[in-house]
Amino acid sequence: MRCLNRVRPIVGALALTVLLFGLATAPIHAQETTTFTSAVVTKNYYDETLEHNIPNLRVIRNGQTHEVNFLDHYNATGGLTRWGFPTSEVVEEETGNLAQYYQRGVVDWHWRQDLGRYVMERRLAWDFFGGGSGGSVDLGVEPGRFNPHPGEEIGPWGHKVSDFSSEGIYTGFKSFFESLGGIQAFGFPKTDARIDSRSLGTLYIEAATPGFIRQYFQAAVLEFHQGSPEPVQLRLLGDDLRNLNYPRDSWGTYAAFRAATPLALGQRYVVQRVMRGFNSIGQPVAPDPTPTPRPGTPVAPTATPAPGATPGPTATPTQVPVTPQSASVWFGTSDRGLAHFDGTNWRTYRTFKDPILPDDAINDIFIAADGSKWFATQSGLARLHGTTWWLFDTSTAGFAGNEVTSVHVLGNLVWIGTDGDGASFGIISGSTIRWEKLDRDNSHILSDIVRDVLIIDERLNRVWLATASGAAIFNDGIWQPFQNIDTTSLAAHSGKVWVGTNGHGVSVYNGVTWTDYTTTNSDIASDTIRDITIGPDRRVWLATSNGVSVYDGARWTNYNSFASGITSNDVYSIAIDAAGQVWAATDEGASVLLTSGVWRPYQTANSDIHDDALRAVAVE
């Protein structure tokens, strides 16, 4: 099914002993060298912005081989949105451990005594600064301030993670927190979300502008910029911690913090040793005059508190608002009809109150260039243009079958696929369509189970079909078959056709040769592909049985419910709106990937969508 227009974060014990893992190690002396005798690059991403590598490494230490996967961890826990750009290469900062600095945090591969193994974890950056009261071991907890609004109390200090500040202003902090890995990415909250007043007994950053809504976590500080395209922003705590550990810009004396060249797969990686409090030639460096984080580079140019940082009429929340920019989104459910969201209001279409809808089971939705909406259902095809409905089923001459799996319209040509009765194409003429049926009895169609149709050329009636027995090109009566496997979905861009399969990944045809992407030869999330959409930037988005995968021409990125905030891994359909937001229809509601990189949910629990079992999505 198609509507035209992407690792689990590391789970560890929540014992408080992890709070101080970075502080409890022995000091590093200037004469020490790396303890890693060998390291080889097994995967790598080179960031051209700050010119640093994020690698996966196979390392040997004390005669034992370890897989140290910084790149996998980076991708699985929010990537650029959570961590920002890398600001160092992978280094040995503490004996036997490896670390990499990013703008918004630091990640360590280190030994966990309580677990008896090495783990990859975020460093609890704010814990290194302190700056509050409340009796915690690092003096970094703000007592006595609690949020009365809906949310979840997390951690030992009784603070709440909520989408509302203590003053009742909607921030989306909880959605942001959960979408990027929750505790595993941010640690426990040290404060509630509140307007940063710099009052006595509260946590604050000396150099930061007061008046913003902020929430302090062990490994991050969230800041709310109302009216910004990316209202939830992360403090550059990685830069702050780098400046604390290597004061007076002494970090710049180390090659590991300066621009690097790209690493190649299989290349030997030389682990560099760095020493906190020392420069690269072993001289101690005096701390900066203030122990609190330095200003750093702001995430966004907003320099004054956003309007509305004072409680107003919205101070009493009712349900969690979500505010994507798209104006019109259509959802098809497994057996409860259609839902339409116009950006503000919801409308539901059901057969018991809208008898013009053939069936409440919606398999596919297509929005044509003339604005008409086409709905493939279990009991026929429906077209809505303005306020006028057209219905087609087997009572219509030439219409293949009632269980319509897919529909595609280009100009005046329309194609449908069915579940067991072949396909039909029709020519739209005024208020009528003349249909012609194609099945195993009257044509060379590969199978009567047609899961997707894709019109390439209206004038030539050149169409791709994805069937249970392979994909094929129909070129105005001439068939060219490919791939004797169960194919599910189709998309085309720049002369290439992408074919999704049921259990065999996705294949790309350039007109001459095929390229296959599977879980055995790539980082694609699943071999079961249910839908394919290609954005205007040529990135290819796949709806799979294990989340969403996106291919940018060089690498795969995956979004799943473990790490990204998408509502479910069972994704059936995917669409991209004019604002560049990605909409995913899942079996547990809809999720939209905002341009900020944050997933927002639409479910019966937090919106007026009437059912969570979705099968199709399309945007106008």
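Rounded to the nearest 500 deg cm²/dmol, what is the calculated helix-only ellipticity per residue at 222 nm for the chain, with -39500 (n - 2.57) per DSSP H run of length n ≥ 4?
-1000 deg cm²/dmol
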Dipole of the range 155-229, Cα-centred, from +1 at each Lys and Arg C-beta and -1 at each Asp and Glu C-beta, to the nearest 20 debye? 120 debye
What whole-number distance in Å separates the alpha-carbon centres of the range 35-66 and the range 322-395? 51 Å
Once the dipole of the chain is set up with Lys and Arg at +1 and Asp and Glu at -1 on Cβ about the Cα centre, which of Pro358, Pro55, Ala575 lies farthest towards its positive end? Pro55
What lysines sit close enough to Lys43 to cross-link, taking a C-alpha to C-alpha distance under 30 Å and skipping anything fewer than 8 places away on the same chain? Lys496
Per residue accessible area of the chain, 1.4 Å probe, in Å²: 39 Å²
Could you name the aspartates and glutamates whose alpha carbon sits less than 17 Å from that of Lys160, not counting residues in the same chain fewer than 8 places away? Glu142, Glu152, Glu178, Asp192, Asp196, Glu223
Along each of its three principal axes, how wide is the spread of alpha-carbon positions in the chain, in whole angstrom units, largest first? 86, 59, 39
Qualifying chymotrypsin sites (Phe, Trp or Tyr not before Pro) for the range 392-429 [loop in DSSP, other Cβ within 10 Å: at most 13]: none
Taking protein heavy atoms only, a 1.4 Å probe, and rounding to whole percent, the accessible area of the range 172-233 owed to carbon and sulfur comes out at 52 percent
When the accessible area of the range 493-564 is computed with all protein chains present and a 1.4 Å probe, what percentage of it is carbon and sulfur? 44 percent
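The values are calculated or read from the model by the stated rules, or taken from the named source; none is laboratory data. Bear in mind the structure is a predicted one, so any value in this text is a computation, not a measurement. In this analysis, Cβ positions are derived from the backbone assuming ideal geometry, glycine residues included, and neighbour counts consider all displayed protein chains. All accessible areas refer to the heavy atoms of the entire protein, side chains included, with ligands and DNA or RNA removed. Shrake-Rupley method; radii C 1.70, N 1.55, O 1.52, S 1.80 Å.
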